[in-house]
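Notes follow the structure.
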Amino acid sequence: MITNVEIAWVFNEIADLLEIKGENPFKVRAYRQGARVLEQLPESAVTLAATGQLEHIKGIGPALAKKIVELVETGRCSFHERLRAEIPPGLLSMLAIPGLGPKSIRLIYERLGITTLEELEEAARRHRLRELPGMGSKTEWNVLRGIEMLNTSAGKAPLGVAWPLAEGLLQALQAMPEVGEASIAGEIRRGKEMVERICLVAASEEPERVVKSLQNHPYFREVFRTGPNYLRGVGRLGITTLVVVVPPAWYGRALLFYTGSAAHFRQLVELCPSERRGLLLGIGRLVPGEAPEDAEPLPLVDAGTSEEPRSEEEIYAALGLEYIPPELREGEGEVEVARAGRLPRLVTVEDILGDLHVHTNWSDGMDSPEEMAAAAKARGYAYLAVADHSRSLAVARGLSTERLLEQAALVRNLGAKWGGLRLLAGAEVDILPDGSLDFPDEVLAQLDVVVASIHTGFKQDQAKIMERLASALKHPRVHILGHPTGRLLGRRSPYSVDVEQLLEIAFRSGKVLEINSIGDRLDLGAEAARRAAKMGVPLVINTDAHDVAHLRDMRYGIAVARRAWLEPRHIINTRPWEELKGYLGG
């Protein structure tokens, strides 16, 4: 029997297909609204179809009611199938690419005549997409990374790719009336930089029904194993995905187990008296210490008495431990620190008071300085630095000296109009292959924030790379070293950098190192950031956002910082302006 949620999935895909075709927006909106109504409807669509009541429900007119009846009676929708046949298959495949929605796909199809993933990849590599309205370098990154993942049957994905995919599936779970709580678990919850498996845990009194419905979700390219309370398959972009559904009383223990890591969980098992392991940790018939990453889903057995701890917090307390945040659960000393009550108060997104590295449509960004400022204001930020690319980076439409100074004047004028938000005029200045900076000192002196970064000459030997980095860090006009190792996760190794030497130079020069939050940069990584903090090197978490939407990517940089055991005191953009300006020469 088809469920309301499954019908909603069909309607949402119809809306996507209509939007790709360029159909009437009101028609598209009707199907999306119908999907939302179905997700929230307390009665079964099957029952309502049998009694002829569907078209009387607000948001479900005669046209949608007819299609619901067809789906209830046959399990198919001829209109849906006809739409799929009319759209080139390559355009449907593009829907799997994060950040590429139906409107963007239609624009690419209409303006560039692109109908296949191969043509799309070629256009992205030739920087043709950024010529289209509303698109930029970030769109091209999404396309290239997405196609790379689609071309592999399974593999690791950067956190910034895997997390949004997992959120889409989580929303589908949360929309099911049979589901109570649901969470992302596994490597994403621990904030790992590269994710091998997406894992979600849900609570339901009807796990088999949830699993059966979920098999029909368009997220899954293939479902290769199911059980009464779990589904394992390959999701969009070829990432292995596991969904585990347990009774509500087991939810906390399942979330703890499937969050991992294996090393962390083994240490918890060792602390737990053998006679209580099954109840405290919920390992049931599992061999104690079996890796959560590889274990089969928890068996459906009695969850124990009402006195037994059920939430993660209660389980840690029962083991005599402080609650250990997921990002620290790697078996690297966190249990001993928690037992002593000395865990750090890790930095959160809420601690961030501003962003010191964003781009606008003056270089390769998509949105104006005004729009970026408005978005920063909406996030409650106290300050924002516009740092567009410098003149030598032609591929990013780097600013000439004249344009840079014109923009600086604009930003400062805007700042006078934005009460409560301090706008800072800056630039992301290239560290050129010879070690010099892309603008002369007299120009840099007119900026509030200078982020120095390497964008070219990646193949130079370590001595030359370190000479360039040292030159930038020692420069009196430089405040921040951007994405310090130049890596692109899964795509490009770091340039030849001696991280220990880099940290030492940064410490001696009093300069700030960036944790760049772009989804496949996350640079500095957690290990280097932790060493930097121990040495007393100041750090900043920046988004490097190229549009307002990617200001949200701050959470990826926060995940890195939390894995590095960092507290707000280690991060300069958790500080109010009066303190921050000391790092900027104010």
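The values are calculated or read from the model by the stated rules, or taken from the named source; none is laboratory data. The shown structure was predicted, so the numbers you read here are calculated from the model rather than taken from an experiment. In this analysis, Cβ positions are derived from the backbone assuming ideal geometry, glycine residues included, and neighbour counts consider all displayed protein chains.
Consider Gly426 carefully, then state whether it is assigned by TED's automatic domain parsing to the domain that holds Arg477 and assigned to a loop (DSSP other than H, G, I, E, B). So Gly426 does not fit the description; no. Pick from region 511-528 the residues that are modelled with pLDDT under 95 and not hydrophobic (A, V, I, L, M, F, W, C): which of them is surrounded by the fewest Cβ atoms within 10 Å (Cβ to Cβ)? If we take residues in region 511-528 being modelled with pLDDT under 95 and not hydrophobic (A, V, I, L, M, F, W, C), then Asp520 is surrounded by the fewest Cβ atoms within 10 Å (Cβ to Cβ). When region 92-132 is filtered for residues that are among the aliphatic types (A, V, I, L, M), in a helix (DSSP H, G or I) and under 20 Å from Gly238 (Cα atoms), the ones remaining, listed by number, are Leu92, Met94, Leu117, Leu120. Consider region 392-401 and keep the residues that are out of contact with any strand residue (DSSP E or B) (no Cβ under 6 Å at 6 or more places or on another chain) and assigned to a loop (DSSP other than H, G, I, E, B). The one that is farthest from Thr456 (Cα to Cα) is Ser400. Quick one: count up the residues across region 170-183 that are in a helix (DSSP H, G or I), in contact with a strand residue (DSSP E or B) (Cβ under 9 Å, 6 or more places away or on another chain) and of a type outside the set (S, T, N, Q). Residues that pass the stated criteria total 2. Just the residues that are surrounded by fewer than 16 Cβ atoms within 10 Å (Cβ to Cβ) and in a loop (DSSP other than H, G, I, E, B), please, taken from region 312-327. Selection gives Gly320, Tyr323.
Taking the listed residues Glu23, Glu19, the one that is surrounded by fewer than 19 Cβ atoms within 10 Å (Cβ to Cβ) and closer than 24 Å to Ile97 by Cβ is Glu23, with no other qualifying.
Do the conditions hold for Glu73, that is, is it surrounded by 19 or more Cβ atoms within 10 Å (Cβ to Cβ), of a type in the set (Asp, Glu), in a helix (DSSP H, G or I) and modelled with pLDDT under 90? When the stated conditions are applied, Glu73 does not pass them.
Please verify whether region 109-122 includes one or more residues that are buried (at least 22 other Cβ atoms within 10 Å of the Cβ) and outside the structural domain of Glu312 (by TED's automatic domain parsing).
Within region 109-122 (the criterion being buried (at least 22 other Cβ atoms within 10 Å of the Cβ) and outside the structural domain of Glu312 (by TED's automatic domain parsing)), the answer is yes, since at least one residue qualifies.
Scanning region 194-201 finds one or more residues that are modelled with pLDDT of 90 or more, surrounded by fewer than 24 Cβ atoms within 10 Å (Cβ to Cβ) and either in a strand (DSSP E or B) or among the basic types (Lys, Arg) (or both).
Take Glu140 and tell me if it is surrounded by fewer than 16 Cβ atoms within 10 Å (Cβ to Cβ) and either in contact with a Cys (Cβ under 8 Å, 6 or more places away or on another chain) or part of a helix (DSSP H, G or I) (or both).
Taking the combined requirement at face value, the residue does not satisfy it.
If you check Leu513, Leu522 for being within 24 Å of Met135 (Cβ to Cβ) and of a type in the set (A, V, I, L, M, F, W, C), only one passes: Leu522. Does Arg487 count as surrounded by 20 or more Cβ atoms within 10 Å (Cβ to Cβ) and closer than 27 Å to Glu148 by Cα? It is true that Arg487 is surrounded by 20 or more Cβ atoms within 10 Å (Cβ to Cβ) and closer than 27 Å to Glu148 by Cα.
Among the residues here, Glu167 does not qualify as in a helix (DSSP H, G or I), over 26 Å from Asn12 (Cα atoms), assigned by TED's automatic domain parsing to the domain that holds Phe265 and of a type in the set (D, E, K, R).
What about Ala166, is it buried (at least 16 other Cβ atoms within 10 Å of the Cβ), within 30 Å of Ala262 (Cβ to Cβ) and in contact with a Cys (Cβ under 7 Å, 6 or more places away or on another chain)? Here the answer is no, as Ala166 does not meet what is asked. Of the residues Ala375, Ala394, Ala409, the single one that is small (Gly, Ala, Ser) and in contact (Cβ under 8 Å) with a residue 24 or more places away in the chain is Ala375.
Would you mind finding the one in Ala387, Ala376, Ala408 that is under 24 Å from the mean Cα position of the chain (by Cα), assigned by TED's automatic domain parsing to the domain that holds Ala427 and assigned to a helix (DSSP H, G or I)?
Ala376
If you go through region 545-557 and keep only what is in contact with a strand residue (DSSP E or B) (Cβ under 8 Å, 6 or more places away or on another chain), at pLDDT below 95 and within 18 Å of Glu193 (Cα to Cα), you end up with just Asp553.
Restricted to region 1-59, and to residues there that are among the polar types (S, T, N, Q) and part of a helix (DSSP H, G or I), the residue that is nearest to Ile105 (Cα to Cα) is Asn12. Highlighted here are the helices (runs of 4 or more DSSP H) found entirely within region 452-554 that include at least 2 residues which are within 24 Å of the chain's Cα centre (by Cα): 526-535. All of Arg531, Arg468, Arg521, Arg492 fail the test of being touching a strand residue (DSSP E or B) at 6+ places or on another chain (Cβ under 6 Å) and without any contact (Cβ under 8 Å) to a residue 60 or more places away in the chain, apart from Arg468. Kindly establish whether Glu148 is free of Cβ contacts under 8 Å to residues at least 40 places away in the same chain, assigned to a helix (DSSP H, G or I) and not small (Gly, Ala, Ser). It is false that Glu148 is free of Cβ contacts under 8 Å to residues at least 40 places away in the same chain, assigned to a helix (DSSP H, G or I) and not small (Gly, Ala, Ser).
Scanning region 366-389 for residues that are more than 28 Å from Glu579 (Cβ to Cβ) and in contact with a strand residue (DSSP E or B) (Cβ under 8 Å, 6 or more places away or on another chain) turns up just one, His389.
Conditions: (1) out of contact with any strand residue (DSSP E or B) (no Cβ under 7 Å at 6 or more places or on another chain); (2) at negative phi. Gly510 meets all but one. Number of the miss? Of everything listed in (1) out of contact with any strand residue (DSSP E or B) (no Cβ under 7 Å at 6 or more places or on another chain); (2) at negative phi, Gly510 misses just condition (2). When the residues of region 5-53 are filtered to those that are over 26 Å from the mean Cα position of the chain (by Cα) and basic (Lys, Arg), which remaining residue is nearest to Leu170 (Cα to Cα)? Looking at residues that are over 26 Å from the mean Cα position of the chain (by Cα) and basic (Lys, Arg), I get Arg29.
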